[in-house]
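A.B. asks: What follows is a structure written as structure tokens; I'll ask about it next.
Just so it is clear, none of the values below were taken in a lab; they were calculated from the coordinates. Values in this document were obtained by computation on a predicted structure and should not be read as measured data. Backbone-built Cβ (ideal geometry, glycine too); neighbour counts: all protein chains shown.
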Amino acid sequence: MYDCQEDRYTDFNTAPQASTPALRGTLTARALASAARPQLTELAAYATERNLDISLQQGTLHIDDLTLTEALNINARFGKELIISCHLRCDPPARFD
């Protein structure tokens, strides 16, 4: 803040601001048809290579704790063969005053 009476800045903070919290969440993928099952396996390998937590249950792959960028990359690569849904949240949640 600028103090015009003293002609100087006061309470000037040069510390870097905390970055905006990233969106993180869970992605779920299912095969559109039985012919797409190999893509589900390929997606599991893709996620494992990136050290993402995965679980496969009854033909549905869950990927936990991924970022928005990772989710978009997965959708671009596998979205034509798989049904993909994703739930992302900001932690801590954004505040609206």
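A.B. asks: What does the net charge come to around N75 if you take all other residues with beta carbon closer than 15 Å to its beta carbon, with K and R at +1 and D and E at -1?
C.D. replies: +1
A.B. asks: Please give the contour-minus-distance gain from A22 to L88: 0.36 nm per residue of separation, less the Cα-Cα distance, rounded to one decimal in nm.
C.D. replies: On the way: separation 66, 0.36 × 66 = 23.76 nm, distance 0.94 nm.
Difference between extended and current length: 22.8 nm.
A.B. asks: Which value in nm describes the separation of the simple spin-label points at S55 and E42, placed 7 Å from the Cα toward the beta carbon?
C.D. replies: According to this spin-label approximation, the distance is 2.7 nm.
A.B. asks: Same structure again: Under the classification rounded if a/c is under 1.5, otherwise prolate if a/b is larger than b/c and oblate if not, where does the range 41-91 fall, given a ≥ b ≥ c as square roots of the Cα gyration tensor eigenvalues?
C.D. replies: Cα axes put the range 41-91 in the rounded bin.
A.B. asks: I've got another one for you. Could you sort the peptides 81-89, 30-38 by per-residue average Cβ neighbour count (10 Å cutoff), highest mean leading?
C.D. replies: 81-89, 30-38
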